[in-house]
Amino acid sequence: MKIKPIIIRCLGLLHWHDTYIKMNHFINTRNKYSLDEIWFVEHYPIFTQGYIKNNVKKKNIHMIPIIESNRGGNMTYHGPGQQIIYFLLDLIRLKINVQKLLFVIENIILSTLYDFSIIGYKNHQYPGIYVNNKKICSLGLRINNSHCFHGLSLNVNMNLHPFKYIHPCGNNIIMTQMSNIKKNILFYDVRNILIQKCLFFFNSKNFLYF
């Protein structure tokens, strides 16, 4: 059977809720003919709450909206300068299970960090990628009928202060970003490396760029 290509979309800076609606529509309407997609996006400032609840009843924190999401994980923050990647994938088509998918995603990030001389590692107690005992990348996926959606957020060069208003992963985890560790990092350089890592780790030359 011919391998179907994966579409990579670089969407720029978008409102989270608009992207969330489009992502859920994609998952709910896709069929065996639908191509897999990987979305690269930044979001305007927002807190999102995953399945693990913090019993937060507020509608915003310091004027930043809080919106519930159907992804896994706890509350996190998104803002400009954070590279978000949404993986809209058919795991059966790719012949991988959830564990293999997590392995691939984690190594996309670890390898990208290494290319910028940043040594990251996994924390077996809390999901994500860490550097110097601080969290640099958050993971939050959902699998529905072997279809993956949601993804990761890598802190590149952003305002980290809003993370202080919450407890990432439900714990007192300190967040960091690439620009705090390696100076003069350009966001688009990081994005381009991430795209190449996706191509390599998903072992596909059949990528379409938009």
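Numbers below:
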| item | result |
| --- | --- |
| Residue, nearest to residue 172 (Cα to Cα), within the stretch 75-105, restricted to residues that are among the charged types (D, E, K, R) and in contact (Cβ under 8 Å) with a residue 24 or more places away in the chain | 90 |
| Count - residues of the stretch 105-116 that are in a helix (DSSP H, G or I) and either surrounded by fewer than 17 Cβ atoms within 10 Å (Cβ to Cβ) or of a type outside the set (A, V, I, L, M, F, W, C) (or both) | 6 |
| Filter result for residue 47 (buried (at least 20 other Cβ atoms within 10 Å of the Cβ) and in contact with a Phe, Trp or Tyr (Cβ under 8 Å, 6 or more places away or on another chain)) | yes |
| Hits in the stretch 186-210 - residues which are part of a loop (DSSP other than H, G, I, E, B) and either closer than 21 Å to residue 100 by Cα or at pLDDT 95 or above (or both) | 186, 202, 203, 204, 205, 206 |
| Within the stretch 1-23, considering residues that are modelled with pLDDT under 95 and not charged (D, E, K, R), the one surrounded by the most Cβ atoms within 10 Å (Cβ to Cβ) | 6 |
| Residues within the stretch 24-33 that are surrounded by 16 or more Cβ atoms within 10 Å (Cβ to Cβ) and in a loop (DSSP other than H, G, I, E, B), tallied | 1 |
| Tally of residues being in a helix (DSSP H, G or I), touching a residue at least 24 places away in the same chain (Cβ under 8 Å), out of contact with any Gly (no Cβ under 8 Å at 6 or more places or on another chain) and surrounded by fewer than 20 Cβ atoms within 10 Å (Cβ to Cβ) across the stretch 153-167 | 1 |
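Residues checked against (1) assigned to a helix (DSSP H, G or I); (2) at pLDDT 95 or above; (3) β-branched (Val, Ile, Thr):
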{"residue": "89", "(1), (2), (3)": "no, yes, no"}
{"residue": "96", "(1), (2), (3)": "no, no, yes"}
{"residue": "118", "(1), (2), (3)": "no, yes, yes"}
{"residue": "127", "(1), (2), (3)": "no, no, no"}
{"residue": "137", "(1), (2), (3)": "no, yes, no"}
{"residue": "143", "(1), (2), (3)": "no, no, yes"}
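The values are calculated or read from the model by the stated rules, or taken from the named source; none is laboratory data. Keep in mind that what you see is a predicted model, and the values were worked out from it rather than measured. A quick note on method: Cβ atoms are made from the backbone with ideal geometry, for glycine too, and the neighbour counts reach across all protein chains shown.
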